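The values are calculated or read from the model by the stated rules, or taken from the named source; none is laboratory data. Everything numeric in this text was worked out from a predicted model, so none of it was measured. Cβ atoms come from the backbone with ideal geometry, glycine included; neighbour counts cover every protein chain shown. Just the protein is used for accessible areas: all its heavy atoms, side chains included, with ligands, DNA and RNA removed. Shrake-Rupley method; radii C 1.70, N 1.55, O 1.52, S 1.80 Å.
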Amino acid sequence: MPVSLLANADMESQLTDQSPSEQVYEACQSDRPEVQTAAFEILWRYLYRVASHMTHSQPDGDALAQDCAQTALVRVHEKLAECREPAALRSWSRRIVSNLVIDRLRRRQRLQPLVIEAQSDDQPARQWADDGPLPDEMIEQLDTLALRQLLDKSPMSDRSRRVVLGRYFDGEVDEVLAQRETELSEKTVKPSHIQVTRAKNIAKLRDWPLLYDFLGKVNEA
Amino acid sequence: MSEVMNTPTGKIPPERLKAFLAVLQTRTSIDLNETFLDRLHRYVTLQLRGDVYQQHDPELAAWLDQDPGLAEAYALLYDLEAAVLAGNLSNPDHVPDPDLSFLTASPSLAERLAERVTRTGRELVLRFSEDLLALLRPGPQLAAGFRQADSGRYGILLYTLDGQSLGDPLPLTFNAYADREQPDFCLIEIEVALPDRSWPDLAGVVVELAQGDRLLQSETDAWGLAVFENVPIALLPETRIVLPLN
């Protein structure tokens with residue numbers, strides 16, 4: 001018989017925002033409405049903090065956080081039995097609300113892939129997909145010094161260039177790249193910043209005509 | 001102050017060059033469904049643990065470079081989990097009140113069962129659903145022991161229905177126990193209580209458990225107990241139990 005983590009008397013007053021997840025989990029299933037309400041209020045405040053952390057930079061961040069936290073709270077209630085470990089209640093519910101925020105931001109087109117406009121009517125954006133990969137022997141013979149020199153002239157900032165080439169040419173992980181950029185800029189740069197910067201700039205390179213022409217000449221050689 | 005990169009003269013390893021060209025050639029837009037988000041969560045967890053996360057999931061690492069929207073979603077998760085680890089989660093000045101009306105708005109178990117149970121002269125069919133399962137979660141005071149010897153493996157009760165205690169009784173008791181050795185599966189016990197049969201004549205009743213195309217059958221023992229092992233928990237909302245009534 002599992003021992004209740006909550007004393008029968010005065011359960012409600014034992015619950016605080018610092019109560020262990022197992023205790024909150026048990027209270028969420030209590031037959032006593034006041035205990036169950038107290039438990040879900042604790043979860044609400046936690047879910048709102050999580051959602052708010054993710055949405056604070058959005059113009060309607062507070063409203064979005066409230067909306068996502070409310071939806072998540074109902075979902076936690078409905079799916080509580082799927083939380084296999086009561087001790088993991090907060091991390092499990094955090095996943096629910098963070099997934100909701102990401103989904104909401106994607107739907108609102110706040111996390112859009114970068115759309116590259118054509119350079120001009122004479123130079124439409126290049127499409128690489130149909131060209132197929134360069135054969136291995138072409139890659140072996142590619143003039144990498146010329147490639148590096150070309151990329152020095154690419155439409156990327158110095159940091160963006162370091163981040164893209166550091167990963168692919170020098171095999172460095174984002175933690176190392178972030179540390180380097182932090183030292184260079186004297187401001188904290190996180191690995192997550194490095195990843196986003198790299199993705200956006202690879203999208204720019206994808207449509208850079210000079211790179212396309214360079215690799216096209218390699219393929220024709 | 002930005003620095004101009006000195007152009008190294010070293011040759012780029014072919015496999016890195018190939019990876020660079022591959023990511024340049026591929027424009028990806030990933031569908032961020034729940035399964036994929038779980039994968040993203042795992043990636044972030046490994047990264048924050050200091051594991052070689054890009055080697056654990058090189059496919060995802062490549063996608064993150066190919067899809068800026070995916071990279072931004074990853075960044076949100078990374079920043080969140082890093083803040084949780086560091087104890088720096090946002091503490092808003094004002095937290096609005098929640099709407100907790102859902103705690104009292106649920107239909108009663110009897111109302112829900114009335115929708116989900118059908119009886120003919122020959123059989124009773126109980127069709128589960130997410131809503132019904134939500135009402136079958138055990139309270140904390142319920143015993144978690146499993147009837148058989150291996151109570152360690154099946155010590156956690158996931159769902160329970162005592163059909164005999166209802167205002168409109170059902171001739172069964174249903175219990176689902178988590179399987180500690182297989183977290184995605186459960187063991188189901190169905191105890192049959194037919195009015196015209198009693199111990200030891202409760203044996204031999206064939207109980208069916210259907211989940212989509214999958215049909216399982218189990219015969220009751222002398223106590224009227226039918227057991228189903230290795231039942232996927234994720235499919236419980238689609239489960240149907242068929243019990244002969246004579």
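Once phi is turned into θ = phi - 60°, what whole-Hz ³J(HN,Hα) does the Karplus curve with 6.51, -1.76 and 1.60 give for every residue of region A:185-196, x standing for Gly and Pro?
Working through the residues one at a time gives 9, 6, 10, 5, 10, 8, x, 5, 4, 4, 4, 5 Hz.
Mind pulling the angle between the C-alpha long axis of helix B:68-86 and the longest principal axis of chain B? Nearest 10 degrees, somewhere in 0 to 90.
It works out to around 80 degrees.
Using a cut-off of under 17 Å, list every residue of region B:57-71 whose amide N is near the label point 7 Å from the Cα of residue B:22 along the Cα-to-beta-carbon line.
Zone members listed by number: B:57-67.
Could you compute how fast region B:14-86 diffuses translationally, taking Rh as the Kirkwood radius over C-alpha pairs and applying Stokes-Einstein at 25 °C with viscosity 0.890 mPa s? Give it in µm² per second.
190 µm²/s
Peptide A:188-195: average number of partner chain Cβ atoms within 10 Å per residue?
For peptide A:188-195, the averaged partner shielding equals 5.
Please find, in a Gaussian network model of chain B (springs between Cα atoms separated by less than 10 Å), the residue of B:195, B:169, B:58 whose mean-square fluctuation is greatest.
In the Gaussian network model the winner is B:58.
For residue B:15 and residue A:74, what does the FRET efficiency come to when R0 = 45 Å and r is the distance between their Cβ atoms, rounded to the nearest 0.05?
Using R0 = 45 Å, I get an efficiency of 0.40.
In whole Å, how far is the Cα centre of region A:31-97 from that of region B:157-183?
After rounding, the separation between the Cα centres reads 28 Å.
To the nearest 10 square angstrom, how much accessible area does residue A:152 have with a 1.4 angstrom probe?
Approximately 50 Å² for this residue.
For region A:11-107, what's the radius of gyration and Dmax over Cα atoms, in angstrom?
When restricted to Cα atoms, region A:11-107 yields Rg and Dmax of 13.4, 41 Å.
In the Gaussian network model of chain B, springs joining C-alpha atoms below 10 Å, which of B:30, B:12, B:233 carries the largest mean-square fluctuation?
Maximum among the listed residues: B:12.
Can you sort A:204, A:79 by solvent-accessible area, 1.4 Å probe, largest first?
Descending order: A:204, A:79.
List every residue whose amide H lies under 5 Å from the amide H of residue B:156, counting only residues 5 or more places away in sequence or on a different chain, with H placed 1.01 Å from N in the peptide plane.
B:178
What nm distance separates the two modelled labels at residue B:131 and residue A:58, each placed 7 Å from Cα along Cα→Cβ?
Each label point is offset 7 Å from its Cα along the Cβ direction, giving 2.9 nm.
How much accessible surface area, in Å² rounded to 10, belongs to the heavy atoms of residue B:46 with a 1.4 Å probe?
Accessible area, nearest 10 Å²: 30 Å².
Convex hull volume of the Cα atoms in region A:149-201, per residue, in Å³?
72 Å³
Whenever you get a sec, line up A:208, B:63 from highest to lowest accessible area (probe 1.4 Å, protein heavy atoms).
Result of the area sort, largest leading: B:63, A:208.
Let me check something: with ligands and nucleic acids excluded, how do A:198, B:16, B:180 order by accessible area (1.4 Å probe), largest to smallest?
So, going from the largest accessible area down, we get B:180, B:16, A:198.
By a straight-distance test (C-alpha under 24 Å), which lysines pair with residue B:18 as possible cross-link partners, with residues fewer than eight away in the same chain excluded?
A:153, A:200, A:204, A:217
Evaluate the distance, in nm, between pseudo-label points positioned 7 Å from the Cα of residue B:102 and of residue A:179 along their respective Cα→Cβ axes.
About 4.4 nm, to one decimal.
For chain B, take every pair of Cα atoms, bin their distances at 5 Å starting from 0, and report each bin as a whole percent.
Over chain B, the share of Cα pairs per 5 Å bin runs 1, 5, 9, 11, 11, 11, 10, 9, 8, 7, 6, 5, 3, 2, 1, 1, 0, 0, 0 percent.
Within 10 Å of each Cβ of B:89-102, how many other protein chain Cβ atoms are there on average?
Taking the mean over all residues of the peptide, I get 6.
Among rounded, prolate and oblate, which fits region B:50-112 when a ≥ b ≥ c are the square roots of the eigenvalues of its C-alpha gyration tensor, a/c under 1.5 means rounded, and a/b larger than b/c means prolate?
prolate
On C-alpha positions alone, give me the angle between the axis of helix B:34-48 and the longest principal axis of chain B, in degrees, nearest 10.
50 degrees
Residue by residue, what Karplus-based ³J(HN,Hα) values in Hz, rounded to whole numbers, does region B:116-131 have, using 6.51, -1.76 and 1.60 with θ = phi - 60° and x for Gly and Pro?
In residue order, the calculated couplings are 10, 10, 10, 10, 10, x, 9, 8, 10, 10, 10, 9, 7, 7, 4, 5 Hz.
Per-residue HN-Hα couplings for region A:35-47, Karplus 6.51 cos²θ - 1.76 cosθ + 1.60 at θ = phi - 60°, whole Hz, x for Gly and Pro?
Going residue by residue, I get 6, 4, 4, 4, 5, 6, 5, 5, 5, 4, 4, 5, 5 Hz, with x marking Gly and Pro.
Evaluate Rg over Rh across region A:133-221, taking Cα atoms for both radii and Kirkwood's formula for Rh.
Radius of gyration over Kirkwood radius for region A:133-221 works out to 1.02.
Report the Cα centroid-to-centroid distance between region B:191-246 and region B:67-81 in angstrom, as an integer.
Each part reduced to its Cα centre gives a spacing of 47 Å.
Return the calculated 222 nm mean residue ellipticity for chain B, to the nearest 500 deg cm²/dmol, obtained by summing -39500 (n - 2.57) across DSSP H runs with n ≥ 4 and dividing by the residue count.
Rounded to the nearest 500, it is -9000 deg cm²/dmol.
At a probe size of 1.4 Å, how large is the accessible area of residue A:193, to the nearest 10 Å²?
80 Å²
For region B:107-244, what value does the Rg/Rh ratio take when both radii are computed over Cα atoms and Rh is the Kirkwood radius, given to two decimals?
With Rg and the Kirkwood Rh in hand, the quotient comes to 0.93.
Which value, in debye to the nearest 20, describes the size of the charge dipole of chain B about its Cα centre when Lys and Arg Cβ atoms bear +1, Asp and Glu Cβ atoms bear -1, and nothing else is charged?
It comes to approximately 400 debye.
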